[in-house]
């Protein structure tokens, strides 16, 4: 199990103001956190700061806190059904180690924190350059608590800033294959970009192009999440797909995983193909292991699940899509519009953008959008009638989504957010929406709640199950045919 911490940018800023002092002394505070459990990663999501009141802590070079302050933190945690995090500062930059006093303070309060909240104590240290280091204190025996270092701490907002533990996630060395890429933004940025875990949900036309792009950019860990098979009508749109893949009904993720191993430029590149929907338990937990997710699906229910992940689990989602219509005589394009946007804290959510509605999510969840008779009864304006796509359009959408990815993870001197971008092909006009979510946005209210948000999008997915069964039957039939051919030869 890997460990990680994530903070909303707003909480990070408040913590910096309190902990990084102008007089150079250390300071301390508590916070509340909620768990986010992926398949391979356990994250603590910092939900609320509990800044000290007068007399609750002392600043004297090092910092200390009074028992009353810790007791108040436990009471707040009990009421919120949250865990306790102890945060303090060090007078130096970068990932911080721990002094004997630091270890004693955290280990000495681990038992009480676990007993009160049923969650381990989490410790965080911030350096003068706003880099965080962190650890979980896990119980390993009676009265025994062991420090589990986090391999990363993520600050999620308009940008994504990640501090990696070099001893757990060593920065990659120079690779000649990435000479031109690294020259664009420098070695340190490339080292951080390479260590990100990128998920791609939906491996159709847009997703396959994005997968190829991040592999060639030097990202070293990619998860591909899609339950579907390659079909003949996909061959004009899905990168790397072949007639043999369509004839064999090969899983899209398996086909692309093999191709990416040849395209990847990072050393130690790993790609994980997952033949599941993101609303199934396996696909959903895999998504929670990622640092950034590309959403390349056009169905409302998976997009709602990813919208929830972006806010409740603090994993930025880069989403996009295409709507195209031909004219009445089918002799040209009436309209073709494509868009991309980042969904994360301080960005507009998919519902506030009008990309999903509770009604369409419910239709999809209940299976109506898989029922041809139901679809026939929907008005011509319904999104289900306008998901036409061609490879040329997909290139543009993928480029927009990658642009959002770079804006999110690569520092620059421009505005911190691109906003939601909508391109109209016929007129050549780009609309930009930089407005925040509405004041009472449901998803924004779930910020950093993780597994404790009170809702789940995990469910059975009949179409995904059928796709896997069809592939399984195909493999079984091929094995039977092979055995029969062997017997005939004998």
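The values are calculated or read from the model by the stated rules, or taken from the named source; none is laboratory data. The structure displayed is predicted, hence computed values, not measured ones. We place every Cβ from the backbone using ideal geometry, glycine too, and count neighbours over all the protein chains shown.
Only one of the listed residues (108, 92, 83, 61) is within 25 Å of residue 143 (Cβ to Cβ) and out of contact with any strand residue (DSSP E or B) (no Cβ under 6 Å at 6 or more places or on another chain). That residue is 108.
Here the range 5-15 is the region considered, the condition is being farther than 17 Å from residue 57 by Cβ and surrounded by fewer than 24 Cβ atoms within 10 Å (Cβ to Cβ), and the residue that is farthest from the chain's Cα centre (by Cα) is 13. Just name the residue that is surrounded by the fewest Cβ atoms within 10 Å (Cβ to Cβ) out of those in the range 443-453 that are part of a loop (DSSP other than H, G, I, E, B) and at pLDDT 95 or above. For the range 443-453, the residue satisfying everything is 453. Considering the range 161-192, and only residues there that are closer than 16 Å to residue 264 by Cα and in contact with a helix residue (DSSP H, G or I) (Cβ under 6 Å, 6 or more places away or on another chain), the residue that is surrounded by the most Cβ atoms within 10 Å (Cβ to Cβ) turns out to be 190. Of all residues assigned to the range 118-132, none qualifies as being modelled with pLDDT under 95 and part of a loop (DSSP other than H, G, I, E, B). Looking at 399, 362, which is the one that is closer than 27 Å to residue 315 by Cα and either surrounded by 14 or more Cβ atoms within 10 Å (Cβ to Cβ) or modelled with pLDDT of 95 or more (or both)? Answer to the check: 399. Filtered by the rule that a residue be farther than 15 Å from residue 402 by Cα and in contact with a helix residue (DSSP H, G or I) (Cβ under 7 Å, 6 or more places away or on another chain), the range 205-225 gives 220, 223, 224, 225. You will find that of 200, 238, the residue that is within 18 Å of the chain's Cα centre (by Cα) and under 24 Å from residue 338 (Cα atoms) is 200 and no other.
For the range 136-160, name all the residues that are touching a helix residue (DSSP H, G or I) at 6+ places or on another chain (Cβ under 8 Å), closer than 24 Å to residue 109 by Cβ and in a strand (DSSP E or B). Result: 137, 139, 145, 147. Answer yes if at least one residue in the range 430-442 is modelled with pLDDT of 95 or more, part of a loop (DSSP other than H, G, I, E, B) and in contact with a strand residue (DSSP E or B) (Cβ under 9 Å, 6 or more places away or on another chain), and no otherwise. So far as the range 430-442 goes, no, none of its residues is modelled with pLDDT of 95 or more, part of a loop (DSSP other than H, G, I, E, B) and in contact with a strand residue (DSSP E or B) (Cβ under 9 Å, 6 or more places away or on another chain). Here residue 352 clears all of (1) at pLDDT below 95; (2) part of a loop (DSSP other than H, G, I, E, B); (3) more than 23 Å from residue 207 (Cα to Cα) except the condition numbered (1).
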